[in-house]
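Here is the structure we will look at, set down as structure tokens.
Where a number appears in this text, it was derived from the coordinates with a stated rule and is not lab data. All of these numbers come straight from a predicted model, not from anything done at the bench. Here the Cβ is made from the backbone with ideal geometry for all residues, glycine too, and neighbour counts use every protein chain on show.
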Amino acid sequence: MQLKAGEVMANEPIFIIGTERSGTNLLRLVLNAHSNIAIPHPPHIMKNFYELEPLYGSLDKDTNFKALIRDVVIMVKLHPYPWEVRLDCEKIFRQALERNLISIFFAIYEQYLESTNKKRWGCKSTFMIYHVALIRRYYPHAKFIYMVRDGRDVAVSAKKSIFNNYCVYYTARRWVKEQKIGIFWMDNLSDNDIFLVKYENLLLNFRETIVALAGFLGESFENSMLEFSNTKEAKKSGSISASWKNTSRPILKDNFNKFEKELTKKEIGLFEAIAAPELEYFSYPLVNSRFTSKKEVAIKSRFRFRYFFEELFLMFKVQLQHLISDKNNLLRIKKYLFLKLIKISRSIR
């Protein structure tokens, strides 16, 4: 099924891309407070099913395509941040643009939009940074908001959250990988297609940044966007997980450069050893000289096992803390087991 002329322009979806723990949940709530824009908390459809899609066989076969739709819908239902919409599998089947996973993704977000009385949907799954080219195949006028935060502060936040890597070593490697992709698209898309938001600028110049962002999206600025923390969606977000508690609060203007106190000198040196070029690209000053960073690069490979075990230790520690404090942990566990079951069962067919 092909898009008809004019359909894309009538509904230019919004994608917030970047790296987790970069303030994208905050930005989602700000945009969602706009009267025209609906951005649900993401169940990360593409992230969770992209590698599973080939296991369903030829999607030209109705039974296979419907099985994939069914499983994606079940996964959305198991999302620990519940959507207040009942998804219709048959409608997704009928409305899918083509027989593939991303068409299911689009149809699901269209259904969500229909339930909101708004005009435009957005997606806050930062992992869509890996699918920009694919998105543009279907929506050549889609709007991308590339959100960047000092990677060392990302590492501080990641050590306390269950939705990412934990060890500074792995966080740095992932941050670099995703910034390289983001920089590529900044260089290859026009200013009409992609808009850079630095987390620190958002905090310090909140109104000015949101006004500029609304202009980029072709939307009028609304004061409700500044009052996002008073919305029902923000209250819901802050109540579900400790990882999202700040999203129900007004802007925390001093919530940056936390790494200076919360990372050790060795951790800062390690992060900068891995990420110096990208940190400098975004004008984040290095604590260490480039000479020190290169020395760290030379020795870091000796400690891969150390980083692996540190990752495991932090994972168990943080997961236990969230198991005690967060709501909907049973859903999160069910979702994890459901995806593992799909991978195992379909791999042995």
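For the range 152-223, compute Rh as the Kirkwood radius over C-alpha pairs and then the Stokes-Einstein diffusion coefficient at 4 °C and 1.567 mPa s; write the answer in µm²/s, rounded to an integer. For these conditions, the coefficient is 90 µm²/s. Mean residue ellipticity at 222 nm, helices only, the chain: -16500 deg cm²/dmol; runs of at least 4 DSSP H residues each add -39,500 (n - 2.57), and the sum is divided by the number of residues.
About the centre of its Cα atoms, the range 1-118 shows a dipole size close to 180 debye [charges on the beta carbon of Lys, Arg (+1) and Asp, Glu (-1) only; nearest 20 debye]. Packing-based ranking of 76-86, 163-173 yields 163-173, 76-86, ordered from highest to lowest mean Cβ neighbour count within 10 Å.
The translational diffusion coefficient of the range 77-146, from Stokes-Einstein at 25 °C and 0.890 mPa s with a Kirkwood hydrodynamic radius over alpha carbon pairs, comes to 185 µm²/s.
The calculated FRET efficiency for the pair M315 and Y130, based on their C-beta separation and a Förster distance of 22 Å, comes to about 0.45.
Could you state the angle between the C-alpha long axis of helix 206-217 and the longest principal axis of the C-alpha atoms of the chain, as a value from 0 to 90 degrees rounded to the nearest 10? The angle comes out at about 40 degrees.
Taking Cα atoms, how many degrees apart are the long axis of helix 329-347 and the longest axis of the chain, rounded to 10 and kept between 0 and 90? Between helix and principal axis, roughly 70 degrees. Computed over the range 35-80, the range of Cα coordinates on each principal axis works out to 40, 21, 16 Å, biggest value leading.
Using every pair of alpha-carbon atoms in the range 1-157, split the distances into 10 Å bins beginning at 0 and state the percent of pairs per bin, rounded to integers. Calculated over all Cα pairs of the range 1-157, the distribution is 10, 39, 37, 11, 2 percent. Length gained on full extension, E110 to N328, computed as 0.36 nm times the residue gap minus the Cα-Cα distance: 75.9 nm. About its Cα centre, the range 75-220 has a charge dipole of approximately 400 debye under the convention of +1 per Lys or Arg Cβ and -1 per Asp or Glu Cβ, with nothing else charged. From the alpha carbon centroid of the range 165-227 to that of the range 96-143 is 19 Å. Ranked for footprinting exposure by Cβ neighbours inside 10 Å, fewest first, H34, H131 give H131, H34. To the nearest 10 degrees, how steeply does helix 101-114 sit against the main Cα axis of the chain, on a 0 to 90 scale? Here the helix axis deviates by roughly 80 degrees. Of all the options I39, I268, I145, the one that moves most in a Gaussian network model of the chain with Cα springs shorter than 10 angstrom is I268.
Annotation: amide H-H contacts under 5 Å for F144 (H modelled 1.01 Å from N, sequence separation of 5 or more, or interchain): F15, I194, F195. Across the range 66-112, Cα pairs under 8 Å and at least six residues apart give a relative contact order of 36 percent. When the inverse distances between all different Cα atoms of the range 168-274 are averaged and flipped, the Kirkwood radius reads 16.5 angstrom.
Kirkwood hydrodynamic radius computed over the range 101-195 comes to 15.2 Å, based on all pairs of distinct alpha carbons.
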